[in-house]
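So the structure is just underneath, and the comments pick up after that.
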Amino acid sequence: QVQLVESGGGLVQAGGSLRLSCAASGIIFSINSMDWYRQAPGKQRELVATITSGGSRNYADSVKGRFTISRDNAKNTMYLQMNSLKPEDTAVYYCAAGVVLRTNMGYEYRYWGQGTQVTVSS
């Protein structure tokens, strides 16, 4: 009913930048929070950044000041601008969203993308 598709991952040198995007499509009435998670090998998935429908943002301490989350509600798209990348940022990055469907507007469903690989070399 809803699909989230990430793009923008790749290989970058330490200190470089990448911009990830997450496009949502389907029978969407509205999207509440949109979030970026990441999972490095051997580690649990962790929350990187979140943004509400009104534009309020929160970040993990490890990325604060380097990453910026944003969204374009008209396009149902979210972005993660990643600057000053470090090798420890290497992970698969996933987007997630709390979605109200047109077919059930009294409930929020959570959807996940398939992930995009970000690799930061030393």
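Identify all residues within region 104-122 that are at pLDDT 95 or above, open to solvent by 30 Å² or more (accessible area, probe 1.4 Å) and in a strand (DSSP E or B); write none if there are none.
Listed by number, the residues that qualify are 107, 108, 109, 110, 111, 112, 117, 119, 121.
I'd like the residue in region 53-71 that is under 22 Å from residue 25 (Cβ atoms) and at pLDDT 95 or above and, out of all such residues, is surrounded by the fewest Cβ atoms within 10 Å (Cβ to Cβ).
Selected residue: 70.
Looking only at region 28-45, filter to residues that are surrounded by 14 or more Cβ atoms within 10 Å (Cβ to Cβ) and charged (D, E, K, R); which one of those is nearest to residue 100 (Cα to Cα)?
Only one residue fits best here, namely 35.
If we only count strands (runs of 3 or more DSSP E) wholly inside region 1-103, which ones have 3 or more residues that are of a type in the set (A, V, I, L, M, F, W, C)?
Counting at least 3 such residues, we get 2-7, 18-26, 28-39, 46-51, 77-82, 91-101.
When you look at residue 37, is it modelled with pLDDT of 95 or more, of a type outside the set (S, T, N, Q), under 17 Å from residue 116 (Cβ atoms) and touching a Phe, Trp or Tyr at 6+ places or on another chain (Cβ under 7 Å), yes or no?
yes
The values are calculated or read from the model by the stated rules, or taken from the named source; none is laboratory data. Computed from a predicted structure; not experimentally measured. Don't worry about glycine lacking a Cβ; one is built from the backbone with ideal geometry, like all the others, and counts go over all protein chains shown. To get the accessible areas, we keep the full protein, side chains included, count just its heavy atoms, and leave off ligands, DNA and RNA. Shrake-Rupley method; radii C 1.70, N 1.55, O 1.52, S 1.80 Å.
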